[in-house]
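Since the structure comes first, as structure tokens, the remarks are kept for the end.
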Amino acid sequence: MRSENATASLTFHRGFVAFEAARFAATLALQAQGVVVAWLVYERTQSFRDLGLVGLVQFLPSILLLPVTGSAADRFDRRGLVLGAQTLAFVVTLGLAATAPGATTAWPVLALLTVHGVARAFIGPALQAILPSLVDDASLGRAVAIHSTVWEVASLAGPAAGGLALAHVGAETTLLACAAVLVLSIACYALLPALHVKADPSTRDVFAGLRFVRAHPVIFGALSLDLLAVLFGGVVALLPAFAKDVLHVGPEGLGVLRGAPAIGAMLSAVVLTARPIRRHAGATMLGAVFVFGLATIAFAFAKTLALAWIFLAIAGAADMVSVVVRMAVVPMATPPALRGRVSAVNLVFIGASNELGEFESGMLAAAVGLVPAAATGGVVACVVVLVWSWLFPELRRIERVEDVRPAT
């Protein structure tokens, strides 16, 4: 497959199309579910802490199960793992529909979300290892951009649909609709071929991925940059509070805010699909994360829905540039037989930055206030970029993603 025809060829690649359709449906459902759950928890408890716990309980399984999930993705059929775990996520969504709307405390919801975290812990490494298996190296950069665009479109539509449905048909009906969309995702994953990898002698070494990441500065630098920047700079967990207490908008407004980063990211991904980063890829990634931090600071002080939306969209666009570079660099620098375990480590980093970041945001907001917490996070993200540019010169010097070769 020649690189100049990669986008057109990927469009007609049966496995790739089925994979992206499944990812779209799953992301759409789970993003909508996230809006409903966050709104219900904050409405019932008025607690920043409980909003933070929503993220924490979904993150902890990924780190506690790290020795198992990555190794499983390198030893067993990756499609089968995804199908089983996605079915578990479907059952959790049905459970949320049955219990969350009438819950008077956050604990029943948190318990179900913990089970959902277990499902995600197995889905993530298998999914990240599947994508490089479906396309050749020359097509990977564009495949990542298309993959990211699909994810962002779903991330845009999901929160908006969740907020609108919550306002007009209620939480139970919205969650049942999410469960129905997850069934569609499971059906699309079933269309994928069986995806085994040729085992190597280290396959049973469950910590090989962790050691590999730590030993290679390009991979460790890219993953840890995202971890710390989003861990401190992310504000998603605080959006229900901003919507309710600062901007004074309801569930529909929350859906609009949740969709703003996805719109910015989607536009960014579309541009990167048409015009991939050809030069200074590492420096571009670092610069994009710095812009993400600045946009987060600006969002913290926004007083209108329109301004808050604009700054969140800018943050999303900048974050997408970083995501596209990182998602191409990490698999390109990883031997195929280790991709499941490295993907598990990657997912722990991503989970730490997102879900653990939500916990950090909730705790910090409870301690210093809503606006200072968001602004402080943006400042820390900018500082991390400056420090990482000095600590990981190999990362800064990456010129072209396609020139990255598996580390040994």
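May I ask you to derive the FRET efficiency for Ala190 and Val68 from their Cβ-Cβ distance with R0 = 25 Å, giving the value to the nearest 0.05?
Numbers: r = 24 Å, r/R0 = 0.94.
The pair Ala190/Val68 has a calculated efficiency of 0.60.
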Highest average packing first - 110-122, 22-34, Cβ atoms within 10 Å | 22-34, 110-122
Please say if the stretch 80-122 is rounded, prolate or oblate, where rounded means a/c under 1.5 for a ≥ b ≥ c the square roots of the C-alpha gyration tensor eigenvalues, and otherwise the choice is prolate for a/b larger than b/c and oblate otherwise?
-> oblate
Specify whether the C-alpha gyration tensor of the stretch 267-308 places it in the rounded, prolate or oblate class, a ≥ b ≥ c being the square roots of the eigenvalues: rounded for a/c under 1.5, otherwise prolate if a/b is larger than b/c and oblate if not.
-> oblate
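When a footprinting reagent is the concern and you count Cβ atoms within 10 Å, what order do Thr376, Thr149 take, fewest first? Let's see the in-between values first.
On the way: Thr376 19, Thr149 22.
Ascending Cβ contact count within 10 Å gives the list Thr376, Thr149.
Any number yet on Rg/Rh for the stretch 212-314, C-alpha, Kirkwood?
Numbers: Rg = 15.8 Å, Rh = 15.2 Å.
That ratio is 1.04, to two decimals.
Work out how much length Leu176 to Trp107 would gain on full extension: take 0.36 nm times their residue separation and subtract the Cα-Cα distance, in nm to one decimal. Could the numbers behind the result be given before it?
Working: separation 69, 0.36 × 69 = 24.84 nm, distance 2.03 nm.
Extra length available between Leu176 and Trp107 comes to 22.8 nm.
Only the coordinates and a few stated rules stand behind these numbers; no lab work does. From a predicted model like this one, the values you see are computed outputs, not experimental measurements. For neighbour counting, all protein chains shown are included, and Cβ atoms are generated from backbone atoms with ideal geometry for every residue, glycine included.
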